[in-house]
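Structure record follows, encoded as structure tokens.
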Amino acid sequence: MKIRKHLKYIIFFCLTAILIDGIFLCFRYCSQKKQIIQSSSQRLNDISQSKTDQINSYINEIKNEISDLVNSNETKFLLKQPVVIDKNIAKVEVDQKAKIIAKEVENYIKIYPKRTFQEFKDDPVFQKITVQDIGLSGYSTVENYEEQISYFQKTKKFLGEKYQNIESLSPELYQKLANDIFISSDISGFYKLTGPDGKAQDKYLHLIHLKNKTVDNVSLAVITTALVGDYKVIKEVSNPANFFQNNSSQNDFNNLFLINPDGTIIYSQDPNKEIGINLNWPVNKNLTLTKIFIQSQKDNKTIFSDAFIDSYGEIYPEFIVISPVYDQNKLLGYVALVKDMNLIFEITKDPKNLGQTGESYLVDQMSKLLISPLRHNLFDMFVQNIDTDNANDCLTNKINSNNFLLNYRGDITLATRQAILEPSWCLLTEINANEILNISLQKEVIISIAIFLLFSFIGILMATKINIKLVKKNEPARQVSKFKKMISQLSLKNIIILSIILTVIYFFIITPFFQGWQNAAFYNDIPDLFATVILLILFFHGFKFKNISSQKLILFGSSMAIFDKLIQIILEEYNYKFGLISTYFWLPGTTIGFIGLFLIFYGFKKEKKL
Amino acid sequence: MMPLANLLAVIIIIITAVGLLWAVSIEMLKSKNIRLFMPFFILSIWLCISAALNFYGVYDPQIWFVVESFWGIWFLWILIILLKNKNV
């Protein structure tokens with residue numbers, strides 16, 4: 001009899017649940033694909049925009065950093081120092097070049113082990129490797145080690161010349177070469193060279209005897225030389241390295257260069273890097289620093305370089321920012337900061353809200369090369385060319401109506417792009433199309449079932465536990481259940497404690513299904529949890545009302561509003577873990593919550609009219 | 001073009017807001033007790049603000065944190081009025 005009495009309410013709630021869920025399911029299916037694409041695009045755009053904002057904010061910090069350096073007294077003091085020739089810098093440069101060229105020649109011989117010396121002589125690639133410029137007037141050459149005759153020369157008239165000629169130019173060095181040549185495979189030293197004007201100039205020479213020979217048993221040696229006078233730096237200043245280390249905000253860089261107006265790098269924080277050279281020398285024309293130095297000279301403003309790899313063996317890219325330094329309208333020189341990209345990589349690699357396959361990466365606008373690591377590090381930076389429609393749209397600033405584009409792997413992805421103006425980069429954000437469409441369908445079905453079950457459960461609970469039979473206005477309750485009696489006897493203090501406990505328990509039950517309570521979406525959950533506590537107090541307090549009609553309305557209304565808030569907490573957690581979901585999922589709960597609001601209002605009205 | 005789901009959400013919020021505002025206003029005039037129904041009146045205005053934010057696509061988490069938090073405050077206001085009720 002009791003079941004029969006409640007059956008109609010149970011059926012009513014189940015039918016209502018099916019009806020509401022069905023209506024929204026219909027709407028969702030009708031515009032499912034379009035809706036999913038739109039919401040996913042919106043989410044992807046938001047992520048991309050947020051990352052771009054973070055990168056731009058970091059770039060602005062760097063601008064402030066270089067601005068501080070430009071205006072600092074230390075920079076101006078160092079740029080005003082007289083410039084002197086530094087023998088040691090010429091030595092370091094020539095030594096380094098000798099080792100690099102020797103390695104290159106050795107490797108080339110290894111590639112062609114069956115080639116004769118004559119064949120190597122005729123090979124233009126080999127000639128290019130052996131004869132390289134060093135500094136302004138230095139160069140490298142390769143000689144037949146046994147014959148001591150140079151067969152690869154920058155100046156043709158020296159071809160086939162014996163290096164005994166050095167004797168007339170520098171007897172000291174010649175003696176060193178003659179004595180050591182069969183003892184050591186690595187000889188170096190300074191010597192004087194009389195120029196065409198009859199003036200003696202200091203030179204430095206480095207000879208390396210190569211280990212491997214050609215197939216016809218010819219042994220080779222690489223010789224590198226340079227004019228010491230080409231390398232200039234500022235006059236020795238006591239502890240120049242400390243100059244920029246006093247201010248901690250100006251210390252977060254890989255290197256710092258000071259360049260005088262004619263292009264000579266007169267100071268380097270790291271003494272092993274390009275110090276003493278001139279950026280206008282032809283040999284330096286392809287340096288990243290040279291390119292932005294020329295640009296800064298031309299535009300007279302702060303310029304950012306593209307990302308670049310500093311030298312062989314380096315795997316982490318850097319970028320440079322250069323700015324002119326003035327003192328009372330007089331150009332003193334330029335200050336250049338070399339920065340690493342670690343912080344930018346942290347931003348681009350952040351996979352939050354990007355699902356399983358989504359990733360963000362940077363592409364250089366000029367070279368179209370990948371300049372930041374991919375999410376799963378599948379391809380190398382500065383190796384992988386990103387010649388995709390998404391990258392091209394970014395370069396041409398085109399708004400592509402088709403959001404589904406092929407990525408660098410040939411997969412169909414939902415793609416978005418953001419141009420970063422300084423430096424000229426593109427931030428591409430892409431997520432696999434299959435992931436969006438498949439998972440969306442699955443979660444849609446799961447949530448629809450969950451909504452139906454929850455609604456039905458609450459309906460059945462209310463129908464059986466609470467006497468929902470509508471009573472006439474002002475009619476006192478005839479049958480008071482034990483549960484109702486127990487609740488109505490609770491004091492306000494106990495009601496508040498009970499409400500808080502129930503809300504907290506709910507929070508700890510729900511969050512482990514997502515990211516755990518420690519990583520819950522607190523920012524979104526707190527307002528809902530707060531409202532739930534208040535509504536629970538209202539619900540329990542409703543049992544105390546003597547007027548049955550208003551009691552029922554308040555109980556119904558508050559339980560519907562509580563239901564809405566509880567659903568919202570689940571959806572917030574889902575959003576936080578898996579990314580935004582369609583607004584359709586919010587609608588059933590919200591609608592029920594609004595109906596509850598009306599019921600609360602009418603209950604309130606009835607109660608207050610008494 | 002606004003997604004259909006968002007449009008539906010805006011329509012539902014507006015219907016609720018207008019309905020509540022209408023019902024509350026009538027009660028206010030009938031009972032001549034404006035203070036009593038003030039939390040519902042403000043709640044309906046609050047709903048209009050929510051609808052406007054949805055309509056213009058403002059989904060800034062900080063703004064919504066404030067909007068959602070005030071729901072609890074309006075309910076608390078209603079609860080305080082009911083707690084003063086002597087008919088319990």
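The values are calculated or read from the model by the stated rules, or taken from the named source; none is laboratory data. Please read these numbers as outputs of a predicted model, since none were measured by experiment. We place every Cβ from the backbone using ideal geometry, glycine too, and count neighbours over all the protein chains shown. The accessibility values were calculated without ligands, DNA or RNA, using every heavy atom of the protein model including side chains. Shrake-Rupley method; radii C 1.70, N 1.55, O 1.52, S 1.80 Å.
Take the conditions (1) of a type in the set (A, V, I, L, M); (2) under 23 Å from A:Lys91 (Cβ atoms); (3) surrounded by 19 or more Cβ atoms within 10 Å (Cβ to Cβ); (4) modelled with pLDDT under 85; A:Leu354 misses just one of them, which is (2). Checked against (1) buried (at least 21 other Cβ atoms within 10 Å of the Cβ); (2) modelled with pLDDT of 90 or more; (3) facing chain B (nearest Cβ under 10 Å), A:Ile526 passes all but condition (1). Can you find a residue in segment A:562-579 that is among the hydroxyl-bearing types (Ser, Thr, Tyr), modelled with pLDDT of 90 or more and assigned to a helix (DSSP H, G or I)? No, segment A:562-579 contains no residue that is among the hydroxyl-bearing types (Ser, Thr, Tyr), modelled with pLDDT of 90 or more and assigned to a helix (DSSP H, G or I). Cβ-Cβ distances below 6 Å connect the following pairs, each with a first residue in segment A:501-513 that is touching a residue at least 24 places away in the same chain (Cβ under 8 Å), a second residue that is open to solvent by 90 Å² or more (accessible area, probe 1.4 Å), and a separation of six or more residues or different chains: A:Thr511/A:Trp517.
Name every residue in segment A:580-593 that is in a helix (DSSP H, G or I) and open to solvent by 20 Å² or more (accessible area, probe 1.4 Å), in order of residue number.
Result: A:Thr583, A:Thr590, A:Thr591.
A residue that is in contact with a Pro (Cβ under 7 Å, 6 or more places away or on another chain), under 20 Å from B:Ile12 (Cα atoms) and not small (Gly, Ala, Ser) cannot be found anywhere in segment B:31-49. One residue alone among A:Glu143, A:Glu106 is open to solvent by less than 40 Å² (accessible area, probe 1.4 Å), over 41 Å from the mean Cα position of the chain (by Cα) and within 26 Å of A:Asn284 (Cα to Cα), and that residue is A:Glu143. In this structure, is A:Arg43 part of a loop (DSSP other than H, G, I, E, B) and on the phi < 0 side of the Ramachandran plot? For A:Arg43, the condition - part of a loop (DSSP other than H, G, I, E, B) and on the phi < 0 side of the Ramachandran plot - is not met.
Scanning segment A:541-549 for any residue that is touching a Phe, Trp or Tyr at 6+ places or on another chain (Cβ under 7 Å) and in contact (Cβ under 8 Å) with a residue 24 or more places away in the chain turns up nothing.
Only residues that are within 10 Å of chain A (Cβ to nearest Cβ), open to solvent by 50 Å² or more (accessible area, probe 1.4 Å) and in a loop (DSSP other than H, G, I, E, B): list them for segment B:44-83, please. Within segment B:44-83, B:Tyr59 is the sole residue that qualifies. Checking each residue in segment A:274-324 for being in a helix (DSSP H, G or I), polar (S, T, N, Q) and open to solvent by 30 Å² or more (accessible area, probe 1.4 Å) picks out A:Thr288, A:Gln295, A:Gln297. Taking the criterion of being surrounded by 10 or more Cβ atoms within 10 Å (Cβ to Cβ) and either over 14 Å from A:Asn547 (Cα atoms) or at pLDDT below 60 (or both), the residues of segment A:485-495 that qualify are A:Lys485, A:Met486, A:Ile487, A:Gln489, A:Leu490, A:Leu492, A:Asn494, A:Ile495. Taking segment A:595-606 as the range and being buried (at least 21 other Cβ atoms within 10 Å of the Cβ) and either outside any helix (DSSP H, G or I) or within 8 Å of chain B (Cβ to nearest Cβ) (or both) as the test, the residues that pass are A:Leu597, A:Ile600, A:Phe601, A:Phe604. Within segment B:20-28, the presence of at least one residue that is at the interface with another protein chain (Cβ under 10 Å from one of its Cβ atoms) and under 26 Å from A:Leu529 (Cβ atoms) is confirmed.
Of everything listed in (1) within 13 Å of chain B (Cβ to nearest Cβ); (2) open to solvent by less than 10 Å² (accessible area, probe 1.4 Å), the single unmet condition for A:Thr511 is (1).
On the stretch given as segment A:549-559, residues that are open to solvent by 10 Å² or more (accessible area, probe 1.4 Å) and either farther than 18 Å from A:Ile500 by Cα or at the interface with chain B (Cβ under 8 Å from one of its Cβ atoms) (or both) total 4. Scan A:Lys63, A:Lys97 and give me the residue that is surrounded by fewer than 17 Cβ atoms within 10 Å (Cβ to Cβ), more than 14 Å from chain B (Cβ to nearest Cβ), modelled with pLDDT of 80 or more and not in a loop (DSSP other than H, G, I, E, B). From the options A:Lys63, A:Lys97, the qualifying one is A:Lys63. Evaluated against (1) open to solvent by 50 Å² or more (accessible area, probe 1.4 Å); (2) modelled with pLDDT under 85; (3) of a type in the set (S, T, N, Q), A:Gln81 falls short on exactly one condition, (1).
The condition of being within 12 Å of chain B (Cβ to nearest Cβ), modelled with pLDDT under 90 and within 26 Å of A:Lys606 (Cβ to Cβ) does not hold for A:Phe540. Looking only at segment B:22-39, residues that are surrounded by fewer than 17 Cβ atoms within 10 Å (Cβ to Cβ) and either in contact with an Asp or Glu (Cβ under 6 Å, 6 or more places away or on another chain) or not aliphatic (A, V, I, L, M) (or both) come to 7 in all.
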